[in-house]
Amino acid sequence: MAVLVGLDIGTTSTIGVLIRPDGATLATASRPVRLHAEHPAWAEEEPEQWWDNACAILRELAAAADAAGERVAAVGVTGMLPAVVLLDDAGRPIRRSIQQSDARAGAEVEAMRRAVDEQDFFRRTGCGINQQLVAPTLRWLERHEPDAFARIATCFGSYDFVTHRLTGARTVEHNWALESGFLELESRRFARDLLALGGLRPDQVPAVRTPLDIVGGVTAAASRATGLAEGTPVIAGVADHAASTFAAGVVADGDVLLKFGGSGDIMAATRAPIGDPRLYNDFHVIPGLFMPNGCMAASGAALNWLAATIAQNLPRAEGQTIHQALDRLAAATPAGAQGLVFLPYVLGEKTPLHDPDARGVLLGLGLHHSTGHLWRAALEGIAFGFRHHLDVFAEAGLAAERFRASDGGAASRVWMQIVADVIQRPIQLLTGHPGSALGAAFVAGFATGAFDRWDQVGRFVGLGATVMPDPANAAVYDRLYGVYRETYDRLRPLFPALGAA
């Protein structure tokens, strides 16, 4: 039986999965990724590290397929978006990628707001004018790194880059195109005048493809680097949050996925795009559906930073990770962290604030607070961010009725209990869900005939425990959520001065 490979180019790690169409997961593999943040609100990564990771992981998965007597039938790559990857004429990265969580281009966002009719822009693109767009990032590059800007031959995303290295094809998946702000929603094509907002010509962006498009086969050079057979079909790729949402079974009105990765994502499924520029519109994996969603710039990334900062010398049991040791302390700390509130805006904030000047805040810090208080406050602060999005969902007319949780952070029962208590709704955990890589592998299988129904993804993902909210914590979280929201509103005028400093 042929097997399928999914590869996730994530913010904090590169993850691969090897699946068999009958529902078996044969192998998984991962490699860490370094996030570079040498300046306030910057977030960059090395595309060559993604490729090195991809090669190592694919060699491992190809060996696992060989050991099982299986043949890899297709490959799908997923990843965060819209990371900006720039290649020169020779196909080499010009510089590090500028990540979707990067917030350096605040001045360029404001300049774009002054130059463009935002209502008309939203009508055409489905995007508000915010730091997620690629045009302000490119204008920043034009101002500050003109030599790099002048060398741009290709502008596309993280998983587009790895797909390109595998096949030699230059393509861009349609959700990167949509979130870039260069795509007209109605025509599903790049518009010359929208590209011009970022200083791009049409020849500098590849053709837009859908996830079901097979864009090429593994080249001879990529075969030697990865262990995959030359000619193995590769699809155009899938946006990570779309892949994860689909694989989690979010396919109907009222379904909501909370995704706990490097960023914090909240996704729904609808039959039409939403009309609220505070949120993002994306295409669902299933043709004909849309995926209104929000994304906090930092979730796991903020926790990883905090763990590295406060817990390097924390005593741990054998085999216990730093995060697990911190969770143990948080579990012994009362709800509300004894009056400590954390704003997780360490990379600015994307939805629903769209404020690149926002900064992380610890409010209420006292000598009575310990490491456990700090960690619990951080978990609660990200949970408050999800609750903020649910308020916006309701204002936009989106029903949120059934909640599921996925990705690495969902393994923390302490955190999931906090989120359930903050939103006061049950959260369904999933079993066998290795994240976005599974969705990419499934779509690759659908494109090559291994599957013929979208609901067959249910073979790979089961329903685990349901985390029920504790009504006893509702009042304290209602009170602190109000403080969380008011803290940002009061401090917002001060954030630009902090950035300038």
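Go ahead and estimate [θ] at 222 nm for the chain from helices alone: -39,500 (n - 2.57) per DSSP H run with n ≥ 4, summed, over the residue count, rounded to 500.
Taking each H run of at least 4 residues, the total per residue is -11000 deg cm²/dmol.
Charges only on Cβ, +1 for Lys and Arg, -1 for Asp and Glu: so what's the dipole of segment 167-220 about the Cα centre, in debye to the nearest 20?
Charge dipole of segment 167-220: 160 debye, to the nearest 20.
Per q in 0.06, 0.07, 0.12 1/Å, what log10 I(q)/I(0) does a Debye calculation on the alpha-carbon atoms of the chain return?
Rounded to two decimals, the profile gives -0.25, -0.34, -1.08.
Report the convex hull volume per residue for segment 248-371, counting only C-alpha atoms, in Å³.
So the per-residue hull volume is 145 Å³.
Which value, to two decimals, describes the C-alpha radius of gyration of segment 2-241 once divided by 2.2 N^0.38 Å?
Rg over 2.2 N^0.38 Å, computed on Cα atoms: 1.03.
Within the set of other residues whose C-beta is less than 11 Å from the C-beta of PHE342, count the net charge using Lys and Arg as +1 and Asp and Glu as -1.
My count for the surroundings of PHE342 gives 0.
How many angstrom lie between the C-alpha centres of segment 22-51 and segment 138-164?
Result: 19 Å between the Cα centres.
How high is the relative contact order of the chain? Use alpha-carbon pairs under 8 Å, at least six apart in sequence, and give a whole percent.
17
Within segment 93-149, report the trypsin sites (Lys or Arg not before Pro) that DSSP leaves as loop and that have at most 10 other Cβ atoms within 10 Å.
none
How would SER180, SER436 line up from fewest to most surrounding beta-carbon atoms within 10 angstrom?
Fewest to most other Cβ atoms nearby, the residues stand as SER180, SER436.
Give me the Kirkwood hydrodynamic radius of segment 1-81, using the inverse of the mean 1/r over all pairs of distinct Cα atoms, in Å to one decimal.
13.4
Evaluate the relative contact order of segment 2-241 (contact order divided by residue number), counting alpha-carbon pairs under 8 angstrom at least 6 apart; express in whole percent.
Worked out over segment 2-241, it gives 22 percent.
Where the only charges are on Cβ atoms (+1 Lys, Arg; -1 Asp, Glu), what is the dipole of segment 2-241 about its Cα centre, to the nearest 20 debye?
220
Quick one: of the DSSP bridges fully inside the chain, what percent are antiparallel, nearest 5?
The antiparallel proportion sits near 65 percent.
Where a number appears in this text, it was derived from the coordinates with a stated rule and is not lab data. Bear in mind the structure is a predicted one, so any value in this text is a computation, not a measurement. Note that each Cβ is placed from the backbone with ideal geometry, even for glycine, and that neighbours are counted across all protein chains shown.
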